[in-house]
Structure formats: C-alpha cells, structure tokens
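Written out below as structure tokens is the structure these notes cover.
Laboratory data are not the source of any read-out in this text; all were calculated from the coordinates shown. Bear in mind the structure is a predicted one, so any value in this text is a computation, not a measurement. Here Cβ is always computed from backbone atoms with ideal geometry, including for glycine, and neighbour counts include all displayed protein chains.
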Amino acid sequence: MKRAALASLLALLVSCQSGETRTALAAPRASAYEAVIAPILAQRCVGCHGAERAKGGLRLHTPAAIRAGGASGPSIVAGDSAASELLRRVHLPLADDEHMPPDEKPQLAASELFALERWIAAGAPFEGEVEGLVAPELETPAEPKPVPAADPALLARLRAELVHVQPIAIGSTSLWIDFAAITPRAQDALVADLLSPLRPQVAELALARSPVGAGTLAFCATLPGLTRLDLRDTRVGDAEFALLGAHPTVEELVLARTAITDASVERLLALPRLRHVYLWGCALSAESLARLRSRPGLAVDFGDTPDAVIAQVEDAPKFTSDLPIPDLPPAGDPNAPVNATCPVTGSPINPKYTRTFEGRVFAFCCPNCPGEFDSDPAKYAAQFPSSR
C-alpha cells in the first residue's frame, strides 16, 4: 500500500511539472458575459428588470431570464444586434416613451452600448470570451492632469490683439477664448500663432464667422483639454472637420450654418465625450439626424423641434399719469384731515402723516413734509379754509 501511494504521489508531481494539472488547479477565467455584460445590465437595467421587479414582464438579471424575454418577445436576437429589442429601445430618441433607460435615469455610456452591440453580434454567448468588447477610443479617459497657469504675458498678448480671454470658472486655469472682435483677421495662421503657447489651457474656443479652415481644425486636434468649439457660420465642411479626428475631450460643438453634411455623421459619433451638437442650417438628412439622436446622452439641436407652448400671457400693462387719491376719514370725524393735498408739495395726502394746528388736522404726502410744516404752520394752514 505504501508503495502504491508513493507511486501515485510521484505521478501527480510529474503531471504537475508537465502542466497537465496546472490548468485544472488555476482559477477559472470569467466569461465575457460575467466580466463585461452582466455588470452593464446590473447597473443600467436590473433595477426595473430584475429579481425584484419585471416591468413589461422582462428580467435581465440571469442568462435564463435574458433568454426568456418579456411581454414584447425576446430581448435579444443572438447574432443580430439590429433586430434585438433591447438595443432598439436603447437607440430610440431620449424623448420617446419606449426609450430605455427612461430619460430621468442614467443613460448607457458609449462604451457600454458598444460592448452590448458586439456581444449580441457575436451570438450573445454566456460562456467563453468575446474579442473586442472594448473599443480603445471609448475606454474611460485617465484622470485629467492639472492644467498649469498661463503665462500672463501670453494673455496680455491676446488682449492686445482684442481677443477675449478669461478663465472658464473662478479659480480655474483653463481658458475661454473668443475671436469675435477680430473675426475678419482670425485666419488659420493667426489662430495658431496666438494659441500655440497656450495649448494646455485652451478649453473653450469661439471662432464663429471667421475665415478659419483646415489649418485650424488640425490645430484644434492638438489641444489636450478642448471641451467646446464654436465654428458657426464658418466655411468648415466635411473635409476640414475630419481633421479634428476622434478628439478625446470635446463635449460641445457648434456647427450651425457650416458646410457639414451626412458625411460627417460617423465622425461626430466617433467623438467619445460629445454631449451636445448644434447643426441647424446644415445639410443633414432625416436618416443622419436619427442616427445621431440614437446615441444615448447626445443632444442634437437641428432647429426642428416645435416651438414652446405659451402657458400664460399677462394682461397688457396700462399706463396713466393719474395718482390715486387715498381714502379720507368720514366727514364729521374730529381727527379727519381738512386737506386732500399736501400743503407743502401739493401731492395727494397720506393720512398716516399728520399735524394738528389751531384745532385742525393737516395731512401730508410723506414723512418729510410735517417737519417743513412745523417751520411756519400759519403759512401752510392759510392755504385751506377753517372748516372742512
């Protein structure tokens, strides 16, 4: 028995050295579903579609529940992202009643949507790995580095050129820069010359109505902290806009009345942090607008939303030079003023302010006039008859 046990132990050692049992002893790797997809569903969906609640009869907290679908049928169609009800609802405009998650709840990030689409397209497997669930350009950006303060001499140079510059917030070292005052002169060469030394500080840049073109868009692609770019009424078109690339920090673009067309839609969607884009006056088709508006968290202003409904209108103001005459005490009242106008100014009286002189009560228009009356009561009392 001892020899047999020893032989078994030796065999086990040999197999471990050869790697035969190394895989069996190692901790199993999480599947793509467990590592990526389940956490997305848990954070964005399971609150309304899980073990506790099942809105629309749909639960998404386990593989079995996902396969079962809900009242609208299967939630996913393995291998076909476009036909999957889950993604159809996610892609609906935010204002649509069927859009998911509801507009008051946190929306899917672009990276989360990308992962769901790739997983479903790969057959929605609950076991094993799926390559390419994370797009490099959609990965969460690293924590931004502190922005150094700009050289005061560089800011003074901008102001000497009549270029507006100020911090984007009190205490911030990031800058808002606006070329509105020198629009005709704001060409590519001047923009690059003035702003190149300020690359780290430029956060919001306004170049509306200026003659900028490809050079400026290529320069903007090198600004590491750019968050807002205003190019309205410029000659920028699809070719120039392409030079901005998939800028990692741009959140707001004003492209109204530019030459942007459907050809730029995919480039707009490639901007990972874009949250608001203004496109009124651009030649975009309804299909392209729908494609942009299907992206969660992206507001698209095309000037096609209905006018606001007027809830209430105030009455037209009425203007008059007539001053109201205050009510006087009833006749016969011993404390009633004998006058209707102030003896000092001639204005209507306010019965709050009075003086008694020779048995008669005089009223005034304000608290200052009684003092003036006291300086010569007989003079002012003589203006009025001895009885009311």
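Summary table
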{"read-out": "Within the stretch 170-246, trypsin sites (Lys or Arg not before Pro) in DSSP loop having at most 13 other beta-carbon neighbours inside 10 Å", "value": "Arg235"}
{"read-out": "Relative exposure of Trp280, Trp176, judged by other C-beta atoms within 10 Å (fewest first)", "value": "Trp280, Trp176"}
{"read-out": "Cα gyration tensor shape for the stretch 152-301, rounded if a/c is under 1.5, else prolate or oblate", "value": "prolate"}
{"read-out": "Sequence-distant aspartates and glutamates (8 or more away, or on other chains) whose Cα lies within less than 19 Å of Lys379", "value": "Glu358"}
{"read-out": "Low-density loop positions, trypsin sites (Lys or Arg not before Pro), the stretch 36-89 - DSSP coil, at most 14 other Cβ in 10 Å", "value": "Arg53"}
{"read-out": "The stretch 169-226 shape via C-alpha gyration tensor axes, a/c threshold 1.5", "value": "oblate"}
{"read-out": "Straight-distance crosslink candidates among lysines, where the alpha carbon sits under 23 Å from Lys55 and sequence neighbours closer than 8 are dropped", "value": "Lys105"}
